[in-house]
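In what follows, a single structure is set out as structure tokens and then discussed.
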Amino acid sequence: MLPMKTLSSDKRVRRLAEDSALVCAALLLSFVEAVIPIAALPIPGFKLGLANIAILLTAYRCSVGDAAVVSLARILLTFLFFGSPTSLIFSLSGGILVVAVLTLLKLTKSSPKFSFIGISVLCAAAHNFGQLIAALALTGHAVLSYLPALAAASLIYGTLTGVILNALPDRLYNKSQSTKVRYENS
Amino acid sequence: MPQKRLTRADIIVFVGIIAILACLLLRAFISGGAGSYFTVTTADGTASYSLSDDTTIDLDSNGVHISISVENGAVSVVSSDCPDLTCQNSGAISSSGEAIICVPAKLVIEIAKGGDASDEDFIIG
């Protein structure tokens, strides 16, 4: 039986490992989303936002700071793998607003008042709105005609993402596992 | 930590967004109506076209080749080189205020609000 001590640097390693796993999850979700044909989406011009599932999971398992880092890493990697400079600007502005909304929720401590559905809809709206602002800067005021579609897309896609998040098991948020290795039959 | 079931705050968010949606649609409906002409804004400039002439417009903007078709008083994007293809799936627009946008191509097709084609100077870019 080997005695194991929990080291203080263990926390940093753990954080690195968890954030990396969450970045992978977010990246995979982005990839799945990219494979869906554009014509199959009910509302043209707005993405499903599946990666938000991973970001929100990070925000409530770890911290908003972790969520910001995971979001940034995901955006950069997605851009490197299959993106154009315009998509980078769009994703960044969307991601910034999502982190802002999450920070606001944490600061006002109002997260317990919602379920993941409400929070997802808010994050989807924030993400889409961020993209709208980027489009506004790049192409001018004509994008404002997309606002109704934006509201509808945030509602529908946010609900989808939120339902999935609500269904995730509570164990995902449980971080109290000890890092000691358990041996059987020793 | 958020709750696991739908809460009252969730409903408030839903109702709020639906209310905003309703207001936006109302405004679009009121100021809408069939347009008479539309403008195409590319990286090079803006041009006006009439919605009553059935034509096909081919142009290159920001390196992307786009084909626009005007048919039966509505304009739509037939084909595009851009990586996104949202513009193609946007369908046809015909009411004033509606727009089709291709961000990689920096292209904006907008149905002009009211007025007449003769109000604008024709700048063919």
Completion exercise
With the label point 7 Å along the Cα-to-beta-carbon line of B:SER67 and a cut-off under 11 Å to each amide N, the hits in the stretch B:19-60 are B:56-59
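Could you compute the FRET efficiency for A:ASP170 and A:HIS141, with r as their C-beta to C-beta distance and R0 at 51 Å, rounded to 0.05? Present the calculation step by step, with values, prior to reporting the outcome.
On the way: r = 46 Å, r/R0 = 0.90.
Efficiency, rounded to the nearest 0.05: 0.65.
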Practice task
Return one quarter of the surface area of the convex hull spanned by the alpha-carbon atoms of the stretch A:44-121, equal to its mean projected area, in nm².
Solution key: 5.3 nm²
Fill in the blank from the handout: Counting only DSSP loop positions in the stretch B:1-100, the trypsin sites (Lys or Arg not before Pro) whose Cβ has at most 11 other Cβ atoms within 10 Å are B:ARG5
Practice task
Work out which trypsin sites (Lys or Arg not before Pro) in chain A are exposed loop sites (DSSP not H, G, I, E or B, at most 15 other Cβ within 10 Å) and give the longest gap free of them.
Solution key: A:6-108
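Between B:SER36 and A:PHE81, what is the FRET efficiency for a Förster distance of 30 Å, r being their Cβ-Cβ separation, to the nearest 0.05?
Details: r = 45 Å, r/R0 = 1.51.
Computed FRET efficiency for B:SER36 and A:PHE81: 0.10.
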Exercise for the section: Express in whole angstrom the spacing between the alpha-carbon centres of the stretch A:38-62 and the stretch B:1-43. Expected result: 19 Å
Problem - For the protein assembly as shown, the spread of Cα positions along each principal axis, largest first, Å - result: 88, 42, 29
Practice task
Give, in nm to one decimal, the length gained when the segment between A:SER110 and A:ALA39 is fully stretched (0.36 nm per residue of separation minus the Cα-Cα distance).
Solution key: 21.8 nm
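Run the helix sum for the protein assembly as shown: -39,500 (n - 2.57) per DSSP H stretch of 4+ residues, divided by residue count, reported at 222 nm to the nearest 500 deg cm²/dmol.
Values: 8 runs with 153 residues, N = 311.
One gets -17000 deg cm²/dmol as the mean residue ellipticity at 222 nm.
Take the alpha-carbon positions of the stretch B:1-103, form their convex hull, and give its projected area averaged over all directions (one quarter of the hull surface) in nm².
On the way: hull surface 38.7 nm².
Here the figure is 9.7 nm², rounded to one decimal.
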Exercise for the section: Taking only Cα atoms and a 10 Å spring cutoff, compute GNM fluctuations for chain A and point out the largest among A:ALA59, A:ALA134, A:ALA34. Expected result: A:ALA34
Practice task
Between A:THR103 and B:ASP54, with labels modelled 7 Å along Cα→Cβ, what's the label distance in nm to one decimal, could you check?
Solution key: 5.6 nm
Practice task
Out of all DSSP beta bridges with both ends in the protein assembly as shown, state the antiparallel percent to the nearest 5.
Solution key: 95 percent
Completion exercise
FRET efficiency (B:ARG27, A:ARG14; Cβ distance; R0 51 Å; to 0.05) is 0.50
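Beyond 23 Å between alpha-carbons counts as too far, so tell me which of A:LYS109/B:LYS4; A:LYS106/B:LYS4; A:LYS11/A:LYS175; A:LYS175/B:LYS4; A:LYS47/A:LYS106 fall in that bin. Numbers along the way, then the final one.
Working: A:LYS109/B:LYS4 17 Å; A:LYS106/B:LYS4 17 Å; A:LYS11/A:LYS175 11 Å; A:LYS175/B:LYS4 18 Å; A:LYS47/A:LYS106 26 Å.
Cα-Cα > 23 Å for A:LYS47/A:LYS106; rest within.
Each value in this text was obtained by applying a stated rule to the coordinates, not by laboratory testing. Please read all numbers here as calculations on a predicted model, not as lab measurements. Here the Cβ is made from the backbone with ideal geometry for all residues, glycine too, and neighbour counts use every protein chain on show.
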